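Following: one structure in structure tokens, then a few remarks.
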Ligand SMILES: NC(=O)c1ccc[n+]([C@@H]2O[C@H](COP(=O)([O-])OP(=O)(O)OC[C@H]3O[C@@H](n4cnc5c(N)ncnc54)[C@H](OP(=O)(O)O)[C@@H]3O)[C@@H](O)[C@H]2O)c1
């Protein structure tokens with residue numbers, strides 16, 4: 001199935017993986033809209049995505065999500081790649097303030113749920129929703145309990161929504177390490193060595209590129225008989 005002429009919305013499409021999804025969809029001749037919470041990011045992204053629309057949306061505000069999709073009109077496919085990086089993401093559960101810990105779910109899980117709830121009313125019956133989690137769902141580490149739980153919850157939300165929203169298809173991409181701005185938090189002088197160390201045991205012993213992750217979203221948009229699935233893009237990291 002070609003995505004040419006299809007209308008695609010990417011929530012979280014102003015940077016990283018979502019931006020690469022928007023670029024890839026534009027190159028296929030789709031009409032693309034990207035959204036995220038920071039107006040400057042939306043402006044900067046649309047300036048780099050010729051022909052794309054952009055709008056500001058904080059997915060933690062359900063009223064805003066409802067208004068955004070009520071005003072958007074009919075479209076074909078939605079990719080949800082929004083993720084925030086503030087707050088205490090790591091820490092042993094026994095040391096975590098649970099109110100702060102709940103925040104881990106706000107954008108990636110509850111934001112995805114709010115977007116699916118309101119976007120589904122505007123998506124064409126042959127269309128799709130593709131959510132995002134991460135390999136932390138399958139490779140927990142000490143201090144990642146709530147992140148692991150949240151990522152697993154996104155996978156099970158995917159399965160539930162696939163049953164509930166059919167014939168709209170609902171799938172999820174589970175990335176391993178992908179080279180986006182999130183790794184900029186590692187100081188530049190040690191970043192490459194750290195990435196090499198973190199990916200050394202993978203069958204594909206390198207970090208993935210955003211456009212490689214984007215291919216998974218485009219496949220799941222096209223794949224008219226695929227629903228309720230999680231597609232790992234992890235360089236084979238889950239094999240070791
Ligand atoms: N990169 C990796 O190695 C990797 C690995 C595993 C999983 N993932 C997952 O993949 C997803 C995308 O990651 P990425 O690396 O592409 O991150 P990124 O470059 O930081 O992109 C995240 C996007 O989410 C938007 N966003 C943040 N808070 C939002 C909110 N409240 N409402 C709407 N949009 C919001 C951001 O824009 P604004 O700041 O303007 O809102 C940005 O466009 C995340 O869920 C991440 O956990 C990434």
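The values are calculated or read from the model by the stated rules, or taken from the named source; none is laboratory data. Bear in mind the structure is a predicted one, so any value in this text is a computation, not a measurement. As a convention, Cβ positions derive from the backbone with ideal geometry for all residues, glycine included, and neighbour counts pool all protein chains shown.
What are the residue pairs meeting all of these: first residue in segment 33-48, first residue within 20 Å of residue 6 (Cα to Cα), second residue in a loop (DSSP other than H, G, I, E, B) and more than 7 Å from the ligand (Cβ to nearest atom), Cβ atoms under 7 Å, and 6 or more apart or on different chains?
These pairs meet every condition: 33/52; 34/49; 34/52; 46/52.
Cβ-Cβ under 7 Å, sequence separation 6+ or interchain: first residue in segment 194-223 and without any contact (Cβ under 8 Å) to a residue 60 or more places away in the chain, partner part of a helix (DSSP H, G or I) and away from the ligand (no atom under 11 Å from the Cβ). Which pairs?
Listed by first residue and then by second, the contacts come to 203/239.
At pLDDT below 95 and within 22 Å of residue 122 (Cα to Cα), is that true of residue 30?
So residue 30 fails the test.
Considering only segment 194-237, how many residues are more than 14 Å from the chain's Cα centre (by Cα), more than 12 Å from the ligand (Cβ to nearest atom) and assigned to a helix (DSSP H, G or I)? Steps first, answer last, please.
First, pick out the residues of segment 194-237 that are more than 14 Å from the chain's Cα centre (by Cα): 194-209, 219, 222-229, 234-237.
So of that shortlist, the ones also more than 12 Å from the ligand (Cβ to nearest atom) come out as 194, 196-197, 200-206, 219, 222-229, 236.
Adding the requirement that they be assigned to a helix (DSSP H, G or I) leaves 194, 196-197, 219, 222.
So the count comes out to 5.
Can you pull out every residue in segment 84-111 that is crowded, with 16+ Cβ neighbours inside 10 Å and touching a helix residue (DSSP H, G or I) at 6+ places or on another chain (Cβ under 9 Å)?
Hits for segment 84-111 are 84, 89, 91, 96, 101, 104, 105, 108, 109, 110, 111.
Out of 82, 112, 116, 151, report the one residue that is at pLDDT 95 or above, in contact with a strand residue (DSSP E or B) (Cβ under 9 Å, 6 or more places away or on another chain) and in a loop (DSSP other than H, G, I, E, B). Show your work before the answer.
Details: 112 fails: in a loop (DSSP other than H, G, I, E, B); 116 fails: in a loop (DSSP other than H, G, I, E, B); 151 fails: in a loop (DSSP other than H, G, I, E, B).
Within the list 82, 112, 116, 151, the selection yields 82.
So residue 114 clears everything in (1) within 11 Å of the ligand (Cβ to nearest atom); (2) closer than 19 Å to residue 210 by Cβ; (3) in contact with a helix residue (DSSP H, G or I) (Cβ under 7 Å, 6 or more places away or on another chain) except one condition, right? Which one?
(2)
Just checking, does segment 60-67 include any residue being in contact (Cβ under 8 Å) with a residue 24 or more places away in the chain and within 28 Å of residue 176 (Cβ to Cβ)?
yes
Restricting attention to segment 127-145, does a residue exist that is within 19 Å of the chain's Cα centre (by Cα) and away from the ligand (no atom under 15 Å from the Cβ)?
Yes - at least one qualifying residue is present in segment 127-145.
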